[in-house]
1. Could you sort out which of Lys82/Lys123; Lys82/Lys247; Lys6/Lys247 sit more than 28 Å apart by Cα distance in this structure?
2. Within segment 357-412, which trypsin sites (Lys or Arg not before Pro) sit in a loop by DSSP and count at most 16 neighbouring Cβ atoms inside 10 Å?
3. Any idea how far apart Thr205 and Ala396 come out in nm if each label point goes 7 Å out from Cα toward Cβ?
4. Could you tell me which label, among [x] 55, 47, 42; [y] 71, 58, 39; [z] 83, 57, 51, carries the value of Cα extents along the principal axes in Å calculated for this structure?
5. What residue among Leu149, Leu252, Leu17 shows peak mean-square fluctuation when the chain is described by a Gaussian network model with Cα springs under 10 Å?
6. Multiply the residue gap between Thr287 and Thr347 by 0.36 nm, knock off their C-alpha separation, and tell me the result in nm, one decimal place.
7. Please compute the modelled spin-label separation between Leu196 and Val262, points set 7 Å along Cα→Cβ, answer in nm with one decimal.
8. Principal axis extents for segment 287-412, Cα atoms only, whole Å, descending order, please.
Amino acid sequence: MTIESKIRTTITDPENLEEIYRDDPKGFRKSYKDAFVNQQDSLLFRAWQARLNFSPAKTQALSSIDLMIMLLLCFAAGTLLKIPEWTDLDNFELFGWMVSLIPLSAMFLYTMHMHGWPRKTTKFGIGISLFLGLFMTFIPEKWDDVYTLVCLNLPFFLWSLYGLCRVANNWQSTDQRIEYLRFSGELIIHAGLLFLGGGVLLLLTFGLFDMLHIDSSWIIEDLAIYGMASIPLVAAWATDTYSAARKLVPLLARIFSPLLLVLILSYMGAMAWNTEELFQDRSTLLTYNILLLSVLATAVFTLTGRGEKGAGRLSTAVISLMVVATVILDLVGICAIGWRIFEYGLTANRMSVLGSNLVTFGNLAVMGMGYLRYHSSKGTLEDIEIGLARYLPLYAIWTGFSVLVLPWIFRY
């Protein structure tokens, strides 16, 4: 029986039509119009026609003005990052906060340009950037510990503020918050690809110049700085314009989630065998915190990216086990940090680690409860997304506290 005959015999059965299409998509495309020849006005035919003839909207080309503004902002960001080197100011002290504030501010400005420079949002973003730049100059250089903590938390605080500017008046919308998480995952992929590609290009150029005995120090000292300053801006533009990584983010999360689950269970076994290591060794505690963040990022991007290819039962089960196991592990870690505070006293570093772990624990606990409700048929994956979206402001509050308040509490 030909495909056209199969379509004619199942023309009122959408499920069987789908099976015929999946068995031979090319043959279905060629034959479906002839099979529907007497039913051109049927809703089913119009649905198949829309589905098979659909072509995504072409990406709008970058105009000369857009390109000029992009290049100017990239050049300005790179030049500002070179200021510590060109002056007698402390290179390390300035570069520590400039390396996040300046590129992310340039990214914000270009995003506002692409959105038509909304007045209130643009003023708010520029005002925040100027305020934070001025604020960092007031932290004394002798406060080494808190200065380092501020530099580490600053990019996360800026990322929260950037998200607030992107959603603007829709900041209370859970859908907009989830969309920002999707955007963040795609931007990380684009930025990583730009970093790897640019790094390879710079190394090849350096090697070529070195082979020809031409001075190539400027490649690392100048081009690398300008390239690093440009990556967030270009990555944000690529994410908004092309969304090439939309399917890649959840795919990577699904690939690494089983590996992370095995790692977590192994880590739990190792901790059960030698619990004192986590309570006494700072390097072990640092590794543990990196693991927590990796698990959280994987769980979030798997959840928010599931729409690209459904939510497989196996993938959901793996993520559920991973989140629950990490909640248990995080409780042990919080106890370890609490013990170090009790034993050695409260310091800026310990307070920062404790706060970060409590915020992460709360997020994982919310997701874990959501997955338990989902598996007991009392909730849906959308409910977990809503809970995640509602929790996001706590990250902005904590990172804002770490940047703006914590330095003045400890002052060393």
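The values are calculated or read from the model by the stated rules, or taken from the named source; none is laboratory data. In this text, all values refer to a predicted model and were calculated from it rather than measured experimentally. Every residue, glycine as well, gets a Cβ built from its backbone with ideal geometry; the counts of neighbours run over all protein chains shown. These accessible areas exclude ligands, DNA and RNA; they are computed on the full protein's heavy atoms, side chains included. Shrake-Rupley method; radii C 1.70, N 1.55, O 1.52, S 1.80 Å.
1. Beyond 28 Å: Lys82/Lys247; Lys6/Lys247.
2. Working: sites: Arg373, Lys378, Arg390, Arg411; in loops: Lys378, Arg411.
Passing both the DSSP loop test and the Cβ count: Lys378, Arg411.
3. 3.8
4. [z]
5. Comparing Leu149, Leu252, Leu17 in the GNM, the peak value goes to Leu17.
6. Here the segment from Thr287 to Thr347 would lengthen by 19.6 nm.
7. Between Val262 and Leu196, the simple spin-label model gives 2.1 nm.
8. Over segment 287-412, Cα extents along the principal axes are 50, 27, 24 Å.
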